[in-house]
């Protein structure tokens, strides 16, 4: 008996529409964890789709929306840019035709750029929703001219799973945790190490994340090999999420090389462990982090600037310690115990 067949009548049943499949190329994402958390609020949940194939996935979404229309009271639809916007858009239109209330959750860091290309499509979907939420103040500000009533509900982190360690002096043990995809610019990381290795030959970088198959992993390997950094950089690849806290606690400084971003959970997890954070200043990052207050922010695709940020944390323990303390105080607001009530409050408004 699958998850949907177990659904029973309750005071409220919620349908989650998004990418809920698990594959060899990714760990469970935050939007896949949220339905489980809603069970703690005494809701019944249905989630779709668990199909990895894109065509089967969108068909499964439509079929679930129609088949269980008498079972759920509310739908929550994740919205991303690019091809993924198609299933968000079509699912919302179908829910509207069925006269179902639904919440849109704006997640894609590239949504503002997509909205400029497809304004009428984005405008239509946002004005049909019963409510709109997003984990990012960046997305709220970028899209408020389509609909000004957008609630910010942060991407949560489970602080119970991460052990905070106050590092009194940071070493040059770096870690990078994202997917190997061009939007996260992983090949910049070896270039950063190359800026420092001659003066600091002991520097070490661990790179963790699944291969998204767009050639970014190969490019990263080629880059580190061309720079003769095989002894300084370890590529672990995909790692079960429960092992991430252990990897983070072996490191001192987290580097985020992304070109497109929203509210990355990987950065929040690094803050939860007490790592110093050096990140590119793109998308929602400056809305999440404050430069020289809880992290160091640098321009995108500039290895020298990121290397200088790493050296600042390494050479100034007092400065680094203040950043780490401030970051940990901030990340407490992102714990599930604070985020889940925000979801409940939003649902109660509808």
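How high is the relative contact order of the chain, in percent, counting Cα pairs under 8 Å that sit 6 or more residues apart? Here the relative contact order equals 16 percent. Take every pair of alpha-carbon atoms less than 8 Å apart whose residues are at least six positions apart; their mean separation over the length of the range 159-334 yields a relative contact order of 28 percent.
Relative to the globular-protein estimate of 2.2 N^0.38 Å, the Cα radius of gyration of the range 77-140 stands at 1.02. Note on residue 246 and residue 93: their simple-model spin labels are 4.9 nm apart, each label 7 Å out from Cα toward Cβ. What the Kirkwood sum gives for the range 159-334 is a hydrodynamic radius of 15.8 Å, with every pair of different alpha carbons counted. The range 87-113 to the range 179-252: how many Å between their Cα centroids? The range 87-113 and the range 179-252 have Cα centres separated by 35 Å. Over the range 55-196, the fraction of Cα-Cα pairs per 5 Å bin, rounded to whole percents and listed from the shortest bin up, is 2, 8, 15, 16, 14, 13, 11, 8, 6, 4, 2, 1, 0.
Size descriptors for the range 109-158, from the alpha-carbon set: Rg then Dmax equal 11.1, 38 Å. As a proxy for reagent exposure, 170, 323, 229 were ordered by neighbouring Cβ count within 10 angstrom, fewest first; the result is 229, 170, 323. Stokes-Einstein diffusion for the range 121-226, with the hydrodynamic radius set to the Kirkwood value over Cα pairs and evaluated at 20 °C in a medium of 1.002 mPa s, equals 121 µm²/s.
With each label modelled as a point 7 angstrom along the Cα→C-beta vector, the residue 63-residue 338 pair spans 4.2 nm.
Evaluate E = 1/(1 + (r/R0)^6) for residue 145 and residue 36, where r is the Cβ-Cβ distance and R0 equals 35 Å; express this FRET efficiency to the nearest 0.05.
Working from the Cβ atoms, E equals 0.50.
Counting 0.36 nm for each residue step from residue 52 to residue 113 and taking away their Cα separation leaves a gain of 19.4 nm.
The length gained by stretching the chain between residue 308 and residue 160 to full extension, at 0.36 nm per residue less their Cα-Cα distance, is 50.0 nm.
Each value in this text was obtained by applying a stated rule to the coordinates, not by laboratory testing. All figures in this text were calculated on a predicted structure; none of them were measured in a lab. Positions of Cβ are backbone-derived with ideal geometry, glycine not excepted, and every protein chain shown enters the neighbour counts.
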